[in-house]
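First the structure, in the form of structure tokens, and then the observations on it.
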Amino acid sequence: MGGKVYIVGAGPGDPSLLTIRALELISEADLILADDLIGEEIKKVIPEDKLMDVGKKTSGLAQEEINRLIVDLAREKKVVRLKGGDPFLFGRGGEEIAYLKKNGVKFEVIPGITSAIAVPEIAGIPVTDRNITSTFTVITGHEKDENSRINWKALSELGGTIVILMGVENLKRNMDKLRKNGMDPKTSVSIIEKGVTGSGRVLHGDISNIAEIAREEDLSPPAVIVIGEVTRFPLYEEEEIKI
Ligand SMILES: C[S@@+](CC[C@H](N)C(=O)[O-])C[C@H]1O[C@@H](n2cnc3c(N)ncnc32)[C@H](O)[C@@H]1O
């Protein structure tokens, strides 16, 4: 059983959105190393004696320390490394695997449902729509200005849906970048806060006023920001939505 690490996507936070394979591995593993973002409801389906919380906020561990811990534990144990959403979308799954390979540890990756699609979806927002847009681009909102690898000009002119993860802190800065690079100030935006928790909510606006709305409404992470025409036509009525 031992000697292997399973890098598993936990989905956006509702246990019913875990994959069958994720559930199987949670029950078979010796230890489950969980990230902050997997959410309290998912933690409840993990036997307490197997759960090790290595989220950076709760454990204070740096990524390098987490990498070393996983390698040490995996020498004898079957380890599940449980990550929010999909492990390869802003999840540092690749970095952890590089470390495992360097140390000769076997691994397998189990995809998860990503918040980038599922969170807008439960609010009735499809990231693509045949009649509206044929592209969607997912970016991090968290990049520092000085080493940004995002081409804001190209992004502003692209015309499809833009999904921003980790975008609450820099919301105003990023909306300003889109406007300054030529995006129509009236471009519609929805922000889905704490999706699939049962206590989430949606804020609507456009790229000129959404930062102010978010400030007034005291928006806090985690939230998915969706920009583009698809946000004008949510598929559910507001009173139908349970986010
Ligand atoms: C470090 S990224 C990880 C993304 C993850 N790997 C995925 O595929 O969903 C964390 C960001 O995902 C988004 N996120 C994840 N779960 C969410 C949820 N339940 N509701 C709203 N946003 C969520 C937020 O933008 C958050 O800042």
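The values are calculated or read from the model by the stated rules, or taken from the named source; none is laboratory data. What you are looking at is a predicted structure, and each value in this text was computed from that prediction instead of being measured. All Cβ positions, glycine included, derive from the backbone under ideal geometry; neighbour counts span all protein chains shown. Remember, those area values only see protein heavy atoms, side chains included, never the ligands or the DNA or RNA. Shrake-Rupley method; radii C 1.70, N 1.55, O 1.52, S 1.80 Å.
Cβ neighbours within 10 Å, averaged per peptide: list 141-150, 13-22 in order, most packed at the top.
On the way: 141-150: 10.7, 13-22: 17.6.
With the highest mean Cβ count within 10 Å placed first, the list reads 13-22, 141-150.
Report, in debye and to the nearest 20, how large the dipole of region 156-243 comes out about its Cα centre when Lys and Arg carry +1 and Asp and Glu carry -1 on their Cβ. Don't skip to the answer; put the middle values down first.
Values: 11 positive and 15 negative charges, 76 e Å.
I would put it at about 360 debye.
Quick one: pull the percent of accessible area on the chain belonging to carbon and sulfur, 1.4 Å probe, ligands and nucleic acids left out.
Numbers: 6410 of 12560 Å².
With neighbouring chains kept in place, the figure for the chain is 51 percent.
Starting at the first residue of region 181-192, write each ³J(HN,Hα) from the Karplus equation 6.51 cos²θ - 1.76 cosθ + 1.60 with θ = phi - 60°, in whole Hz, x for Gly and Pro.
For region 181-192, the Karplus-derived couplings read 8, x, 6, 4, x, 8, 4, 6, 9, 10, 10, 10 Hz, x marking Gly and Pro.
Taking the Cα centroid of region 176-233 and of region 99-115, what is the distance between the two, rounded to the nearest whole Å?
Value for the Cα centre distance between the two parts: 33 Å.
How far, in nm, would the chain grow between Ser220 and Leu235 when pulled straight, counting 0.36 nm per residue and subtracting the alpha carbon separation? All intermediate terms of the calculation are to be shown ahead of the outcome.
Details: separation 15, 0.36 × 15 = 5.40 nm, distance 2.45 nm.
Full-extension gain reported as 2.9 nm.
Work out the length of the dipole vector of the chain about its Cα centre, built from +1 on the beta-carbon of each Lys and Arg and -1 on the beta-carbon of each Asp and Glu, and round it to the nearest 20 debye. Let's see the in-between values first.
Details: 32 positive and 39 negative charges, 182 e Å.
Charge dipole, the chain, about its Cα centre: 880 debye, nearest 20.
Counting alpha carbon pairs within less than 8 Å and at least 6 residues apart, what relative contact order, in whole percent, applies to region 21-71?
Working: 39 pairs, mean separation 16.4, N = 51.
Here the relative contact order equals 32 percent.
Select from Ile32, Ala62, Leu51 the residue farthest towards the positive end of the dipole of region 15-73; place +1 on Cβ of Lys and Arg, -1 on Cβ of Asp and Glu, and compute about the Cα centre.
Going by the charge dipole, the pick is Ala62.
Using only DSSP helix segments of four residues or longer, with each worth -39500 (n - 2.57), what per-residue ellipticity at 222 nm results for the chain after dividing by its residue count and rounding to 500? Present the calculation step by step, with values, prior to reporting the outcome.
Working: 9 runs with 72 residues, N = 243.
Result for the chain, helices only: -8000 deg cm²/dmol.
Can you give the relative contact order of the chain as a percent, counting alpha carbon pairs under 8 Å and 6+ residues apart? Show your work: numbers first, answer last.
On the way: 479 pairs, mean separation 50.1, N = 243.
It comes to 21 percent, rounded to a whole number.
Using r as the Cβ-Cβ distance of Asn131 and Asp176, and R0 as 22 Å, what FRET efficiency do you calculate, to the nearest 0.05? Let's see the in-between values first.
Numbers: r = 30 Å, r/R0 = 1.36.
Computed FRET efficiency for Asn131 and Asp176: 0.15.
If you take the beta carbon distance between Ser27 and Thr197 as r and set R0 to 22 Å, what does 1/(1 + (r/R0)^6) give as a FRET efficiency, to the nearest 0.05?
On the way: r = 24 Å, r/R0 = 1.08.
Taking R0 as 22 Å, the efficiency between Ser27 and Thr197 is 0.40.
Can you give me the accessible area per residue for the chain, using a 1.4 Å probe, in Å²? Could the numbers behind the result be given before it?
On the way: 12560 Å² over 243 residues.
About 52 Å² of surface per residue is accessible.
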